[in-house]
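Working notes, beginning with the structure itself.
The values are calculated or read from the model by the stated rules, or taken from the named source; none is laboratory data. From a predicted model like this one, the values you see are computed outputs, not experimental measurements. Cβ placement follows ideal geometry from the backbone for every residue including glycine, while neighbour counts extend to all protein chains displayed.
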Amino acid sequence: MKLRRLIGFNLLTAVILGVVGFYVGWWLGHLFDAASIDYFEDTGQNDIALFIAYFTGVVGFLVGLGFANYPVQRMLGKPSSLREKETRGAGRYFGLCTDHKVVGIQYLIGIGAFIFIGGLNAMLIRFELLTPTQHGWNANNYLTLVGLHGTMMMGMMTSGIIGPFANYLLPVMIGARRMAFPRIEALTFWLLMAAGVVLMTTIAFGGFPTGWTGYAPLNDQANMGMDAYIAFFALVGLSMSLLGLNMIATVITMRAPGLSWGRLPIFVWGVVSTSVLMLLAAPVLISVLLMVMLDRTAQTGFFNQAAGGSPYLYENLFWVFGHPEVYVLALPGMGILLEILPVFSRKPLWGYKLAVTGMLGIALLSFLVWQHHLFVSGINADLRPFYMLSTELISLPTGFIFVAALGTLWAGRIRLTVPMLFSLAWLFNFLVGGLSGVFLSDVPSDVTTHGSFFSMAHFHYTIMGGLLFAFFAGIYFWVPKMTGFQLNERWGKVHFWIMFVSFNSTFGPLLVIGFLGMPRRAVTYAGYLQGANTWVSVSAFVLGASMLIFLANFVYSLVFARVPAGSNPWASKSIEWQLPSPIPVHNFDRIPTFGDDPYPYGTDAGVAHRPAVAPARPTA
Amino acid sequence: MTELAQHSTDYSVVEAEPPEIMGRNLRVGAHLWASATVFFFFAFLFAYFYLRSVNQQGLWHPHGVKAPVALGTLIAASVAASALLTLFAARRLRAGDQGAWRAAGLGAFALGLLAVCLQVVQWWTIGFGPTDGGYASVFWGWTALFLLFLVCTLYWLETLLATSFRYRGQGASGHAPGEASGDPDRTGDDIARPISLIGPGVDAFAFYWSVLAGIGVVTWFILYIL
């Protein structure tokens, strides 16, 4: 039996088939006669072979996990079954599993690992910037580090909250036993893991110089390391689209009786609004990356000025995806924030409809602002006012979120637990990020700060200050539910305070450094900025060290201390906390029915949901 | 706290859910995927008008770059006819006419395949390559990816037809436990009526295929007529 498991469809088989697939593709790609294609002769590189190798490698990886079984069965006319789901054992975490809770935990660990790698890249960047001249890496390697850090973080963190928390919790929160498409759910995770590995192979092919935005014409001129970027983001885009589709479909079709749209937990609304963006924006990213791939392989001229193309086309299409992407990162954090605040304020969520309006408003407006990234790219001056105003307009629905949060905190019985501390820090960080964003949305100030460390610091305040703090709030809040064990509160607070202080000590000064004129993505800088940069680097190292404290706490609490969390350690009234910890594999014995208010804190009402009288198991 | 769930309950309750839920999921999923597909091709539409408007160095549409309209029209017509046939098939199936659905489904599949073959023939005989300016880039990129979508969607139709043929003439039961999933270890009935999944599947497919055909017609108008 053990041998059968070892050679069956699992992670080990997947890695072997992935590697074999990569080399088969590489070999196939080189079957193209180099002499017959001018491009090979011109550059001495074979992008076609590498793209084929990535494709066959990823396909091999997925086949090894067992993803081909279902489509082949369907081709033979056999209908679907969820047999891939295992009920017991650690093996289910290392392969294709259709249990949404397993997928959620897979996401948590998998994405956590890649965030750690992305964070290490940031440390290396800050190491280089300790001095104004080059001392660690040459310019090319530095740019690759910057690109790897940005791309890894932006790609992986698109699913940073949705992946672990929405996959694990959303079906439970809506009273369902599974997602609408469980195999697609599993596929999104494994696509993301394959993408992460693909991106890291860029080092073997010379890296890429474009940063996370991959601008033309540099993306066409770059060496083969650029192909890894393209393949990575295309896979991430596919994963995002499918994830978004699955989330929306699940909320539409799988809600339990009585759970109307007006009764959805606010976190679910955050997931829905994010998923709309993922579903619609990510396909544009895939399209534009395929165009870049065609430019690099088939020699089309989408972005090549000499061949009838335009680099501005890339900028436009990239940001059609790119700006919604920013809100893909921010919106789930808002959902977590508003989910946690009522629990630790012991008050109902204030302004539920306002908050929902805010989330949907942000999602809608995020499609109408992309050209503010092109203010200094020579766009038609007449277009600037519209995009300036539409960008500033987005502060309105964002303000709704803040009002709802502050209204919930107002006169509440606040408990400063670790999740609550991270949530409050979110409010502070995102406020700084939002206010600094006003300078970037205004054309007159944007032309002086664009491309500087100011915009980089703004971005980190909104994304890292928003998303990563919400990510940790979610971890401290829900991991007891996911694992059945409590995370150590004292070490959690140590982690929080060091992270919060060092985060602000890192990115606060960078706002100033940017105003003083330091451009981003430059390996050298003016000597008078060394003092500030050294301060920032040391703060960044402390910030990095705070992650080690978290990691130590995480391992200590879950592996060694193993203090049982109980089913409801936070005295929450949400439905997931009325279930045992960890949640049983089938979620509910009986599908529950929902009452009216999802946040009945401070009232005599108990929880707003009850088990239904329907039998647990439909009769065959 | 455990009134909602217990660890001891068997998880097979998850699998033994009514097929209506799967059908509903399929229909909603098809609508959502159609919207994603529209956004995917929106990028090519944008590229077309953008590059056409800037006409970089006069290389938008160099002399001699002309897509064959007749073949392009045939491709679009095949896809559109296939979609119409699928809509008809879905309607017949809803009326309970399994035979008509299978015949129309096969016809739709053949027409889809015809469109794929015609596209390949067009590439083979076309007088310009992807390097011949902005229009040529958009043309090759757009048609190549549209072809990819056609092939993948035809696979979906094939799975529906295959299930329909495999279980034709079968009622509410009649197959052994585990047969549907191909899992001999199963003791329970995984899919009570495999054929019951065909209806929602065909509905979902017909909708998505129609949207794709719509994109095909837009593609034809933009690339061949405009």
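Taking the residues in region A:134-146 that are touching a helix residue (DSSP H, G or I) at 6+ places or on another chain (Cβ under 9 Å) and closer than 21 Å to A:ILE513 by Cα as candidates, determine which candidate is surrounded by the most Cβ atoms within 10 Å (Cβ to Cβ). Only one residue fits best here, namely A:VAL146.
Residue pairs whose Cβ atoms lie under 7 Å apart, separated by 6 or more positions or on different chains, with the first residue in region B:131-152 and under 14 Å from B:VAL65 (Cβ atoms) and more than 10 Å from chain A (Cβ to nearest Cβ) and the second among the basic types (Lys, Arg) and outside any helix (DSSP H, G or I), do not occur.
The single residue among A:ALA249, A:ALA216, A:ALA231 that is buried (at least 24 other Cβ atoms within 10 Å of the Cβ), under 30 Å from A:ASN140 (Cα atoms) and within 14 Å of chain B (Cβ to nearest Cβ) turns out to be A:ALA216.
Looking across B:LEU84, B:LEU71, B:LEU114, B:LEU148, one residue alone is surrounded by fewer than 18 Cβ atoms within 10 Å (Cβ to Cβ), touching a Ser or Thr at 6+ places or on another chain (Cβ under 6 Å), modelled with pLDDT of 95 or more and on the phi < 0 side of the Ramachandran plot. It is B:LEU114. Counting only residues that are assigned to a helix (DSSP H, G or I) and without any contact (Cβ under 8 Å) to a residue 60 or more places away in the chain, which one in region B:55-68 is surrounded by the most Cβ atoms within 10 Å (Cβ to Cβ)? If we take residues in region B:55-68 being assigned to a helix (DSSP H, G or I) and without any contact (Cβ under 8 Å) to a residue 60 or more places away in the chain, then B:GLN57 is surrounded by the most Cβ atoms within 10 Å (Cβ to Cβ). Within region B:27-40, residues that are more than 8 Å from chain A (Cβ to nearest Cβ) have Cβ atoms under 9 Å from residues that are of a type in the set (Phe, Trp, Tyr) and crowded, with 18+ Cβ neighbours inside 10 Å in these pairs: B:ARG27/B:PHE207; B:ALA30/B:PHE205; B:ALA30/B:PHE207; B:ALA30/B:TYR208; B:HIS31/B:PHE207; B:HIS31/B:TYR208; B:ALA34/B:PHE207; B:ALA34/B:TYR208, counting only partners at least 6 apart in sequence or on another chain. When we screen A:PHE453, A:PHE471, A:PHE477, A:PHE485 for residues that are in contact with a Lys or Arg (Cβ under 8 Å, 6 or more places away or on another chain) and buried (at least 22 other Cβ atoms within 10 Å of the Cβ), the only hit is A:PHE453. Per the listing A:THR131, A:THR158, the residue uniquely of a type in the set (Val, Ile, Thr), touching a Leu at 6+ places or on another chain (Cβ under 9 Å) and either under 18 Å from A:GLY474 (Cα atoms) or surrounded by fewer than 21 Cβ atoms within 10 Å (Cβ to Cβ) (or both) is A:THR158. Just one of the listed residues (A:ASN46, A:ASN69) is within 14 Å of chain B (Cβ to nearest Cβ) and modelled with pLDDT of 85 or more, and it is A:ASN69. In this structure, does B:ARG92 turn out to be within 14 Å of chain A (Cβ to nearest Cβ), of a type in the set (Lys, Arg), more than 30 Å from A:ALA282 (Cβ to Cβ) and in a helix (DSSP H, G or I)? No, not satisfied. Whether a residue is under 17 Å from the mean Cα position of the chain (by Cα), in a helix (DSSP H, G or I), more than 25 Å from A:GLN45 (Cβ to Cβ) and within 10 Å of chain B (Cβ to nearest Cβ) was assessed, and A:PHE321 passes this test. Scanning region B:115-127 for residues that are assigned to a loop (DSSP other than H, G, I, E, B) and either more than 25 Å from B:PHE42 (Cβ to Cβ) or of a type in the set (Asp, Glu) (or both) yields a total of 1. One residue stands out among those in region A:554-565 that are over 23 Å from the mean Cα position of the chain (by Cα) and in contact (Cβ under 8 Å) with a residue 40 or more places away in the chain: the one that is surrounded by the fewest Cβ atoms within 10 Å (Cβ to Cβ), which is A:PRO564. The single condition from (1) part of a helix (DSSP H, G or I); (2) more than 9 Å from chain B (Cβ to nearest Cβ) that A:LEU294 fails is (2). On the given criteria, is A:GLY147 within 25 Å of A:GLY57 (Cα to Cα), under 13 Å from the mean Cα position of the chain (by Cα) and small (Gly, Ala, Ser)? Considered against the rule, which asks whether it is within 25 Å of A:GLY57 (Cα to Cα), under 13 Å from the mean Cα position of the chain (by Cα) and small (Gly, Ala, Ser), A:GLY147 comes out as no.
One line per residue, one yes/no per condition, for (1) part of a helix (DSSP H, G or I); (2) under 30 Å from B:GLY201 (Cβ atoms); (3) at pLDDT 95 or above:
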{"residue": "A:LYS78", "(1), (2), (3)": "no, yes, no"}
{"residue": "A:LEU82", "(1), (2), (3)": "no, yes, no"}
{"residue": "A:TYR93", "(1), (2), (3)": "yes, no, no"}
{"residue": "A:ARG126", "(1), (2), (3)": "yes, no, yes"}
{"residue": "A:THR133", "(1), (2), (3)": "no, no, no"}
{"residue": "A:GLY147", "(1), (2), (3)": "yes, no, yes"}
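Comparison of A:LEU365, A:LEU338 shows that the only residue that is surrounded by fewer than 23 Cβ atoms within 10 Å (Cβ to Cβ), part of a helix (DSSP H, G or I) and among the hydrophobic types (A, V, I, L, M, F, W, C) is A:LEU365. For region B:41-68, taking the residues that are more than 16 Å from B:TYR224 (Cα to Cα) and hydroxyl-bearing (Ser, Thr, Tyr), the one that is nearest to the other protein chains (Cβ to nearest Cβ) is identified as B:TYR50. The residue of region A:277-291 that is surrounded by the most Cβ atoms within 10 Å (Cβ to Cβ), among those that are touching a Pro at 6+ places or on another chain (Cβ under 9 Å) and more than 8 Å from chain B (Cβ to nearest Cβ), is A:MET278.
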